[in-house]
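Each reported figure results from applying straightforward, stated rules to the coordinates on display, with no laboratory input. Given the structure is predicted, the values throughout are model-derived calculations rather than measurements. Cβ sites come from the backbone with ideal geometry, for glycine too, and all protein chains shown count toward neighbours.
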Amino acid sequence: ALGQPGYRPAPENLEARRWFHDAKFGLFIHWGIYSLLGDGEWVMNNRRIQVADYEKLAAFFNPIRYDADAWVRLAKEAGMKYITITSKHHDGFAMFDSKATDWDIVDRTPYGKDVLKPLAEACRRHGLKLFFYYSQLDWHHPDYFPRGRTGRDNGRPERGDWPRYLDFMDAQLTELLTTYGEIGGIWFDGWWDRPDADWGHDELYAMIHRLQPHALIGNNHHREPFPGEDFQMFEQDLPGENTAGFNRAGVSRLPLETCLTINRSWGYHRGDRNHKSERELIQTLVKAAGRNANLLLNTGPLPDGTIQPEHAERLRAIGKWLRANGQSIYGTRGGPFPPGPWGVSTWKGRRVYLHLLARPQGSWQLPPLKERIRAARLLHGGAIPFTQSEQGIRVEVPAEAWDPVDTIVVLELRDRPGRS
Ligand code: FHN
């Protein structure tokens, strides 16, 4: 079964979906023992490191500067409402105290502590939700067999018991859903490694929904959502775009999320200095909101537990922008205008926010709108001239009001969009 057939989301789940839809901005964290090598989270596969050699890495993982509270405060300062952290990535290493294996941070590292626990506590203290990323693909577990497209050269025996691997996943997910209090949801990845395998999603998803009915399930399988999934994610692309190559799936009616790296790496990469500018990151957040999607912005912390300063700096800058402009993002929905070369729109109640991201010659021309516009003004300024006809809408923004990051115009409508 690809999903959980006949799934009907519980009222708490629908409520959590609304929360998610309103939240708009989260922090993605890729952190594991691979961070030690500073070569991204795929290093085990890419360098064909043998399991026995990779295991030795764990003995060096000692993030003595890890301060969960500081991470959460930074996310909050950035204006983020939730955090999604790798509980286990493709190397199979559990960043929590798993009883289902000793391939985990408590049993194998000198640090010896579960890093998810203090993070869950800090999130609760500061009012953020916590989601767990969980890789279904596993380059370490002997029962991940038959092998998929990746992790084929890591020296594992050519045998294994797939049903036992599914039991192992069930056991770890039960741990994640019963040890850390209420969580936001599970963010699956790695299904694409074995698209033809039976992953037991029917039981797995049903179990998750039973243990925490409000918890949202998303799966980064790069297909349209399977039954039982509560949100749809896109990787390195906005919904409807496909520059990364794997976002061919259509856009569903579930809450949407785009995940994005600040540079080009998910896990810490010491040579990757391609950090996107503050402007580009803010504009991506805005474009995501205009397409009805959240932005899950990633950082790969250093092995000592600190956040790369270039990333912390950018997160703070986005937070500063959101403190001034957040009313045009949080709790809004994308539209009523479809995204265009001029920018995007968001709306809440009877207010439409035009996010002008590019400057035309002359005035801004937008498609027609059914609802009558009562007034137009700058979010940070006074009234501006506009005309509305059956042909469309034209707004004039004085040159001195132009903001190269995002010029926000507020349209006050007589009725909510789509309700007149
Ligand atoms: O292979 C992973 C990758 O390491 C990273 O976790 C991203 C995040 O969306 N997902 C996978 C590729 O689709």
Sort out which residues of region 351-380 are more than 33 Å from the chain's Cα centre (by Cα), in a loop (DSSP other than H, G, I, E, B) and under 25 Å from residue 330 (Cβ atoms), and write them in order of number.
371
Would you be able to tell me the number of residues in region 176-213 that are touching a residue at least 40 places away in the same chain (Cβ under 8 Å), part of a helix (DSSP H, G or I) and either surrounded by fewer than 19 Cβ atoms within 10 Å (Cβ to Cβ) or within 16 Å of the ligand (Cβ to nearest atom) (or both)?
5
Could you tell me whether region 332-351 includes any residue that is among the aliphatic types (A, V, I, L, M), touching a strand residue (DSSP E or B) at 6+ places or on another chain (Cβ under 7 Å) and within 25 Å of residue 131 (Cβ to Cβ)?
no
Hey, can you tell me all the residues within region 385-402 that are within 16 Å of residue 341 (Cα to Cα) and without any contact (Cβ under 8 Å) to a residue 40 or more places away in the chain?
392, 393, 394
For residue 158: the one exception among (1) over 30 Å from residue 43 (Cα atoms); (2) over 23 Å from the mean Cα position of the chain (by Cα):
(1)
Sort out which residues of region 111-159 are in contact (Cβ under 8 Å) with a residue 60 or more places away in the chain, part of a loop (DSSP other than H, G, I, E, B) and touching a strand residue (DSSP E or B) at 6+ places or on another chain (Cβ under 9 Å), and write them in order of number.
115, 136
